[in-house]
C-alpha cells in the first residue's frame, strides 16, 4: 500500500498570506505533484492545521481543492482549526459519540486510526479519558494499527515545541495504552512540529512530517520560542509492505537542477581517472 502523509497546510482566506507565504499556492503545487507522480496512492492523509485562523473561506477553499481529487483524502484537525467550523464545512465527516473528530477505517494492511487531539483556544494537545477510551476500543479490535495524531504524543527535546505537545497529564495514560498494544501498533504518524522527525515511543516507531508552508528549525537549548523559516516544503510517501514501513520525503516545490546518475561503478569514477 502507498499513501501520502501531508500536514500543516495552514490555509487562510484565498489571497491572504500566512508567514509571508501563500499557503494555497503551496497546497496546489503539492496536489499537482501528487497527481503527476503518485496518483496510484491509496490515501492522502492531512494530519491537521488545515487552516491558520479557522476561516470559513479557508475551509471552503480546501473543500474545493480536494473535491474530485483522484486519491481518497482523509482530513484531521489541528490546534489552528476550529472543530465546529471544520464540521460546518465538512458536515459528512465522521466523528465519535462525544463529537470529537475521531474516526478509523479498516484497510487491507491494517486499521488506520485518526485521533482528534484538539482543545478550544489552546495550541497544546489534549487526549483525555473519553478520547483515550475510544482509542482503546479501536486498538482492541486491531491486529495491525497505524495511528495518526496532529500533536506530537511525546516530548521531543525541543523545549518550546514540547510546551505544545499533548499535555503531560494526557501523555502518561496514552503512553500506557500504547505500551499495552505495542505489538499491534505498527507506526505513529503526526504533524504539528513542522519538521522531519523519526524515533520510537516506548519502542513504537513514529515519524513527524514537515509542513507544506513554513518549517521549524529545531532549538534544543532552553527557550520558550520556536524559530521558523520559509525552507522548502515537502510531503511524505509511505509504503507499507508486509511487515515493513518505508517513508520517503518528497520536496515537491524544488525547481532547481537535478542530476541523474547510473548505478554502475564507472558512473561514479573520479573524472580523468
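Results, tabulated for the structure shown:
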quantity: Residues that are part of a loop (DSSP other than H, G, I, E, B) and more than 18 Å from residue 84 (Cα to Cα), drawn from the stretch 102-123; calculated: 108, 109
quantity: Given (1) surrounded by 11 or more Cβ atoms within 10 Å (Cβ to Cβ); (2) modelled with pLDDT under 95; (3) under 30 Å from residue 136 (Cα atoms), number of the condition residue 242 does not satisfy; calculated: (1)
quantity: Within the stretch 1-32, considering residues that are touching a residue at least 40 places away in the same chain (Cβ under 8 Å), over 15 Å from the mean Cα position of the chain (by Cα) and part of a loop (DSSP other than H, G, I, E, B), the one nearest to residue 47 (Cα to Cα); calculated: 12
quantity: Close pairs (7 angstrom Cβ cut-off, 6 or more residues apart or separate chains): without any contact (Cβ under 8 Å) to a residue 12 or more places away in the chain in the stretch 221-247, surrounded by 11 or more Cβ atoms within 10 Å (Cβ to Cβ) and outside any strand (DSSP E or B) anywhere; calculated: 227/219
quantity: Out of 99, 157, sole residue that is free of Cβ contacts under 8 Å to residues at least 40 places away in the same chain, surrounded by fewer than 22 Cβ atoms within 10 Å (Cβ to Cβ), on the phi > 0 side of the Ramachandran plot and assigned to a loop (DSSP other than H, G, I, E, B); calculated: 99
quantity: Yes/no for residue 143 being part of a loop (DSSP other than H, G, I, E, B) and either at pLDDT 95 or above or in contact with a strand residue (DSSP E or B) (Cβ under 9 Å, 6 or more places away or on another chain) (or both); calculated: yes
quantity: Search result, residues across the stretch 41-67 that are part of a helix (DSSP H, G or I), touching a helix residue (DSSP H, G or I) at 6+ places or on another chain (Cβ under 8 Å) and more than 15 Å from residue 7 (Cβ to Cβ); calculated: 56, 59, 60, 61, 63, 65
quantity: Number of positions in the stretch 13-40 that are over 21 Å from residue 101 (Cβ atoms), crowded, with 18+ Cβ neighbours inside 10 Å and touching a helix residue (DSSP H, G or I) at 6+ places or on another chain (Cβ under 7 Å); calculated: 2
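For every residue, the table says whether it meets (1) under 28 Å from residue 10 (Cα atoms); (2) buried (at least 17 other Cβ atoms within 10 Å of the Cβ); (3) touching a helix residue (DSSP H, G or I) at 6+ places or on another chain (Cβ under 8 Å).
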site: 170; (1), (2), (3): yes, yes, yes
site: 178; (1), (2), (3): no, yes, no
site: 200; (1), (2), (3): yes, no, no
site: 250; (1), (2), (3): yes, yes, yes
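The values are calculated or read from the model by the stated rules, or taken from the named source; none is laboratory data. This is a predicted model, so every value here is computed, not measured. In this analysis, Cβ positions are derived from the backbone assuming ideal geometry, glycine residues included, and neighbour counts consider all displayed protein chains.
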